[in-house]
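First the structure, in the form of structure tokens, and then the observations on it.
Derivation of every value follows stated rules applied to the coordinates shown; laboratory data play no part. Quantities reported herein were computed from a predicted structural model and do not represent experimental measurements. Because the Cβ atoms are built from the backbone with ideal geometry, glycine has one as well, and the counts that use them run over all protein chains shown.
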Amino acid sequence: MKQPFVKKTIAFFIAGILLVAFTVLTSGCGAGWHHRGGRGAGCCPKQNCPVKGGQALEVLKERYVRGEITKEQFEAMKKDITKSD
């Protein structure tokens, strides 16, 4: 007699867990989950990204020193960064 009640309880419990998991995984920039692999995936508005102002310029300088970007790219990106601050 208790078995249908137990099955319904388990079903609601699993549905709740799935709902919470879905909400966490699909939440936007507020959670910051997409930034764990790098310094921002570009999907957030600029004000919500973790790399700002001086930090962005430091990252840009590091990339230039490592040879990842050319001088022209560095100058263009630097102009964009200093313009937005």
task = Output ³J(HN,Hα) for the range 55-60: one whole-Hz value per residue in order, computed from phi by the Karplus curve 6.51 cos²θ - 1.76 cosθ + 1.60 with θ = phi - 60°, and x for Gly and Pro.
result = 5, 5, 5, 5, 4, 4
query = If Lys and Arg each add +1 and Asp and Glu each add -1, what is the summed charge of the other residues whose beta carbon sits under 10 Å from the beta carbon of residue 64?
reply = +2
note = Label model pair residue 79, residue 14: point-to-point distance (7 angstrom along the Cα→beta-carbon line) in nm is 5.9 nm
